[in-house]
Amino acid sequence: MEIVVYGLIGLYALLTCVAGVQKWRGEGFQMRAALFIAVSVGMLATLCMTGKGLVLSLLILEFALLHVLALAEGAGNGKIRYGHHLVRLVFHCLLLFLAYQYVK
């Protein structure tokens, strides 16, 4: 189950990174896109660490940062959809719960 959890988190980080790169290419340099890419790469690097407690702590921080960045992105565009962000928050919490259960 640990492999599945790591796979889900890695896939999520990879897709978020690809979305950040696409946004950067489409609209030019923006700090939010660069931060999305940096946090996503950091999340992938976190999955390669050996200390389970450190991995869990960093994942909590990175998911919180991704959620704040997504809220800032929506507020900056003027197209914030609270339903989308609520679903995203629930997904982040689910991944963190799975990481806590199977990675600790």
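Listed by first and then second residue, the pairs with beta-carbon distance under 6 Å, at least 6 apart or on different chains, first residue in the range 57-78 and over 16 Å from Ala19 (Cβ atoms), second among the small types (Gly, Ala, Ser) and assigned to a helix (DSSP H, G or I), are Leu59/Ala99. The set of residues in the range 65-79 being surrounded by 14 or more Cβ atoms within 10 Å (Cβ to Cβ) and more than 15 Å from Gln30 (Cα to Cα) consists of Leu65, Leu66, His67, Leu71. Would a scan of the range 44-52 turn up a residue that is polar (S, T, N, Q), farther than 20 Å from Val103 by Cα and at pLDDT below 90? No; the residues of the range 44-52 include none that is polar (S, T, N, Q), farther than 20 Å from Val103 by Cα and at pLDDT below 90.
Scanning the range 65-87 for residues that are of a type in the set (Gly, Ala, Ser) and modelled with pLDDT of 90 or more yields nothing. Against the condition over 17 Å from Phe91 (Cα atoms) and surrounded by 14 or more Cβ atoms within 10 Å (Cβ to Cβ), how does Gly20 come out, does it pass? When the stated conditions are applied, Gly20 passes them.
Residues of the range 25-34 that are assigned to a loop (DSSP other than H, G, I, E, B) and either of a type in the set (Asp, Glu) or on the phi > 0 side of the Ramachandran plot (or both): Gly28 alone.
Against the condition among the hydrophobic types (A, V, I, L, M, F, W, C), in a helix (DSSP H, G or I), closer than 18 Å to Ala13 by Cβ and within 18 Å of the chain's Cα centre (by Cα), how does Leu59 come out, does it pass? Against the criterion (among the hydrophobic types (A, V, I, L, M, F, W, C), in a helix (DSSP H, G or I), closer than 18 Å to Ala13 by Cβ and within 18 Å of the chain's Cα centre (by Cα)), Leu59 qualifies. Taking Met31 as the residue in question, decide whether it is touching a residue at least 24 places away in the same chain (Cβ under 8 Å) and surrounded by fewer than 16 Cβ atoms within 10 Å (Cβ to Cβ). Taking the combined requirement at face value, the residue does not satisfy it.
In the set Tyr82, Tyr100, only one residue is of a type in the set (Phe, Trp, Tyr) and more than 14 Å from Leu8 (Cβ to Cβ); that residue is Tyr82. Taking each residue of the range 35-46 that is farther than 10 Å from Ala13 by Cα and assigned to a helix (DSSP H, G or I) and looking for partners that are of a type in the set (Val, Ile, Thr) and modelled with pLDDT under 95 with beta-carbon atoms closer than 8 Å, six or more apart or interchain, yields Thr46/Val55.
The values are calculated or read from the model by the stated rules, or taken from the named source; none is laboratory data. Please read all numbers here as calculations on a predicted model, not as lab measurements. As a convention, Cβ positions derive from the backbone with ideal geometry for all residues, glycine included, and neighbour counts pool all protein chains shown.
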